[in-house]
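Here is the structure we will look at, set down as structure tokens.
FYI, it's all coordinate maths here, none of it is from the lab. Computed from a prediction, not measured in an experiment: that's the story for all the values here. Reconstructed Cβ throughout: ideal geometry from the backbone, glycine too, with neighbour counts over all protein chains shown.
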Amino acid sequence: MANSTDSKQTMDRQEFAEYLRELANQFDGESDANIPVGNKRVNLSPTRNVKTEIEVIERSSMLRGNKESIELNARWKRDK
């Protein structure tokens with residue numbers, strides 16, 4: 001059974017940078033990571049090695065304007 005928690009919000013650049021720093025601090029070290037997601041926190045147990053994937057998309061449209069996005073994915077298999 002999979003549990004999923006997600007949050008969509010708008011942040012200014014400084015808030016977004018602070019959020020990324022918080023994520024980095026939680027993954028730094030050997031203990032569990034307590035990740036902020038919206039108005040709650042989720043406790044995760046990342047392993048020593050984490051598979052990562054990053055995707056950057058740049059779209060140009062005369063009708064909708066230019067859009068850019070970045071997607072970061074981190075995965076690991078929990079130790080038993």
- prompt: Using beta carbons and a limit of 8 Å, which pairs, at least six apart or on different chains, have the first residue in the stretch 12-33 and touching a residue at least 12 places away in the same chain (Cβ under 8 Å) and the second one surrounded by fewer than 11 Cβ atoms within 10 Å (Cβ to Cβ) and among the small types (G, A, S)?
  reply: D32/S45; A33/S45
- request: Restrict the check to the stretch 20-43 and report whether at least one residue is assigned to a loop (DSSP other than H, G, I, E, B) and of a type in the set (K, R).
  value: no
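Only one of E68, E53, E58 is exposed (fewer than 10 other Cβ atoms within 10 Å of the Cβ) and in contact with a Leu (Cβ under 8 Å, 6 or more places away or on another chain). Can you tell me which? Don't jump to the end; show me each part of the working.
Numbers: E68 fails: in contact with a Leu (Cβ under 8 Å, 6 or more places away or on another chain); E58 fails: in contact with a Leu (Cβ under 8 Å, 6 or more places away or on another chain).
Within the list E68, E53, E58, the selection yields E53.
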- request: Considering only residues that are without any contact (Cβ under 8 Å) to a residue 12 or more places away in the chain and either of a type outside the set (A, V, I, L, M) or surrounded by fewer than 10 Cβ atoms within 10 Å (Cβ to Cβ) (or both), look in the stretch 1-11 and name the one that is nearest to E71 (Cα to Cα).
  value: K8
task: Answer yes or no as to whether R64 is out of contact with any Asp or Glu (no Cβ under 8 Å at 6 or more places or on another chain), part of a strand (DSSP E or B), under 23 Å from T10 (Cα atoms) and not aliphatic (A, V, I, L, M).
output: no
